[in-house]
1. Starting from the 7 Å offset along Cα-to-Cβ, what nm value, one decimal, do you get for the label separation of Ala56 and Lys21?
2. Which order, highest average first, do 10-16, 37-43, 26-32 follow once you tally other Cβ atoms within 10 Å for each residue and take the mean per peptide?
3. In whole Hz and in residue order, list the ³J(HN,Hα) couplings for segment 24-34 that follow from phi through the Karplus curve 6.51 cos²θ - 1.76 cosθ + 1.60, θ = phi - 60°; x for Gly and Pro.
4. Report in % the part of the accessible area of segment 1-40 that belongs to carbon and sulfur, leaving out ligands and nucleic acids; probe 1.4 Å.
Amino acid sequence: MSDVLASFRELKGIGPATEAKLHEAGVYTWAALAEVVTALGHVRGSNGDTLRDLSAQIADRASA
């Protein structure tokens, strides 16, 4: 990829490890991060589950 990766570290709670994971997941730009946050917000808002709850549910199903 020839584009410069966005640095998300200016956001509270985003450090080098989280930023690296976002980049590894294909989230390279502020626009891409906005899309991810919007999508997660819609999922979270649909039934009140927190993202941690959803993550645990997904992990349980993935290991089954």
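The values are calculated or read from the model by the stated rules, or taken from the named source; none is laboratory data. Here the structure is a predicted model, which is why all the values come from computation and not from measurement. No Cβ is skipped: glycine too gets one built from the backbone with ideal geometry, and neighbour counts run over all protein chains shown. Ligands, DNA and RNA are stripped out before the accessible areas are found, and what is left, the full protein with its side chains, is counted by its heavy atoms. Shrake-Rupley method; radii C 1.70, N 1.55, O 1.52, S 1.80 Å.
1. Roughly 1.6 nm, to one decimal.
2. Working: 10-16: 9.1, 37-43: 10.7, 26-32: 13.3.
Ranked by mean Cβ neighbours within 10 Å, highest first: 26-32, 37-43, 10-16.
3. 5, 7, x, 9, 10, 10, 4, 5, 5, 5, 4
4. Numbers: 1800 of 2980 Å².
After summing per-atom areas, the C and S share lands at 60 percent.
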